[in-house]
Amino acid sequence: MGGHDTDDPRKFAQEPPFPKEQQSFPGTEKNMDVKPDYGYDTYVGHNKLKDKVAIITGGDSGIGRAVALAYAREGADVVISYLNEHDDAKETARVVEEAGRQVLLVPGDLAEDSHCQKVVDEAVKKFGRIDILVNNAGFQGDQVDDFTKIDRQRLEYAFKTNIIAMFRLSQMSVEHMKPGSAIINTSSIQAYKPSPGILDYACTKGAIVAFTKGLGMDLFPKHGIRVNTVAPGPVWTPLIVESFPAEKVEKFGTQTPVNRAAMPKEYGPAFVFLACNEDSSMISGEVLGITGGLPLA
Ligand code: NAD
Ligand code: MG
């Protein structure tokens, strides 16, 4: 899909219904029928992140790709961590290089501690430092009709991927960060309005809010590193078609006051804002809801 058709934000993106697309984890953007809009035609950079180095987990697709595009157009080099969606990651790499910046792809499972270390080590080996860590990778299991159906393996995988990896990557990165660096996490409206059918996921997103508030208070005075989180509402990405049933996919986004889902392009600017000291120098430990009007708390 192309750029904005109008100045009216209600119409910035595809309106429902969506086709009843279904994929299994990890979904790929390559196999989506309705392609997410990353801002290819619309995002204009202003050197806000000139020569910074950013790690973006889950940067192959969805929100992560929109952040990679925005960061590269703002002048940053990026390290893309992703599970195994190699074609999607290559497309993100193409977008970054097209913006004249360097990219490093690091596939692998962040549920493993050794892989978290590998992402940080490879980033430092290639670029010599880390200025921005975007903890955005996430696993959302299939929606179930009763929480007893969420087995231990899934519960652990959700926690390992969504919060333990974030915790560990932050611990491992901090020694490579100078004052002025930023950590930006992706939480969810699920932290505030949990859906019972994905309660494991919702609990991890609540933990991310607590993690962000606590770390934001700690690292800012101690190291001059700001820590914030974006809490998205519904966004059209592979994660949706891999975890929600067809009927929910079709109506995806209609629960928002604005009656539509977001597109990934509607997240890039917020991640730039929270990474850029000139823009957000007094903001740390904050949650920025981008939900189409649904209040967070
Ligand atoms: P996405 O599927 O495009 O991105 C998630 C990425 O996480 C995947 O590309 C995958 O490579 C990566 N990933 C998953 N498990 C991993 C693992 N174990 N190791 C390494 N990488 C792993 O979907 P998205 O919607 O852009 O998701 C990005 C973030 O946004 C997630 O944290 C998600 O929870 C959050 N979020 C999404 C929505 C939404 O409606 N799409 C709403 C709220 C929050
Ligand atoms: Mg992906």
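The values are calculated or read from the model by the stated rules, or taken from the named source; none is laboratory data. Keep in mind it's a predicted model, so treat the numbers as computed, not measured. Here the Cβ is made from the backbone with ideal geometry for all residues, glycine too, and neighbour counts use every protein chain on show. Surface areas here come from the heavy atoms of the whole protein model, side chains and all, with no ligands, DNA or RNA. Shrake-Rupley method; radii C 1.70, N 1.55, O 1.52, S 1.80 Å.
Mind counting lysine pairs for me in the stretch 169-297? Cα separation below 16 Å, and the two need to be 8 or more apart along the chain or on different chains.
4
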Search the structure for amide H atoms under 5 Å from the amide H of Leu104, placed 1.01 Å from N in the peptide plane, and list their residues when 5 or more places away or on another chain. Val78, Val79, Ile80
Taking amide hydrogens as modeled 1.01 Å from N in the peptide plane, which residues meet the under 5 Å criterion relative to Gly59, leaving out close sequence neighbours? Ser81
For the pair Gln143/Lys35, report the inter-label distance in nm, with labels modelled 7 Å from Cα in the Cβ direction. 2.7
With the label point 7 Å along the Cα-to-beta-carbon line of Glu98 and a cut-off under 13 Å to each amide N, the hits in the stretch 23-44 are 37-44
Hey, can you grab everything whose amide H is under 5 Å from the amide H of Ile290? Only 5+ residues off in sequence or another chain; H modelled, so Pro and N-termini drop out. Ala231, Gly233
Quick check on the chain: helices-only [θ] at 222 nm, where DSSP H runs of length 4 and up contribute -39,500 (n - 2.57) each and the sum goes over total residues. Nearest 500, please. -10500 deg cm²/dmol
Cα gyration tensor shape of the chain, rounded if a/c is under 1.5, else prolate or oblate by comparing a/b with b/c: rounded
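Name the shape class, rounded, prolate or oblate, that the alpha-carbon gyration tensor gives for the stretch 112-270, where a ≥ b ≥ c are the square roots of its eigenvalues, rounded holds for a/c under 1.5, and otherwise prolate holds if a/b is larger than b/c and oblate otherwise. Let's see the in-between values first.
Working: a/c = 2.04, a/b = 1.64, b/c = 1.24.
In terms of gyration-tensor shape, prolate.
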Quickly work out the Arg152-to-His86 label distance, labels modelled 7 Å from Cα along the C-beta direction, and quote it in nm with one decimal. 3.5
Surrounding net charge for Gln117, when Lys and Arg each add one and Asp and Glu each subtract one, Cβ distance under 13 Å: -3
Each label sits 7 Å from Cα toward the beta-carbon; between Asp8 and Glu278 the label points are separated, in nm, by 3.5
Carbon and sulfur together cover what percent of the accessible area of the chain at a 1.4 Å probe radius? 53
Phi to ³J(HN,Hα) by Karplus 6.51 cos²θ - 1.76 cosθ + 1.60 over the stretch 158-165, Hz, x for Gly, Pro: 4, 5, 4, 6, 8, 10, 5, 4
Report Glu15's accessible area, 1.4 Å probe, all protein chains in place, as a number in Å² to the nearest 10. 90
If I take R0 = 35 Å and measure r between the Cβ atoms of Val44 and Glu286 in this structure, what FRET efficiency does the formula 1/(1 + (r/R0)^6) give, to the nearest 0.05? 0.85
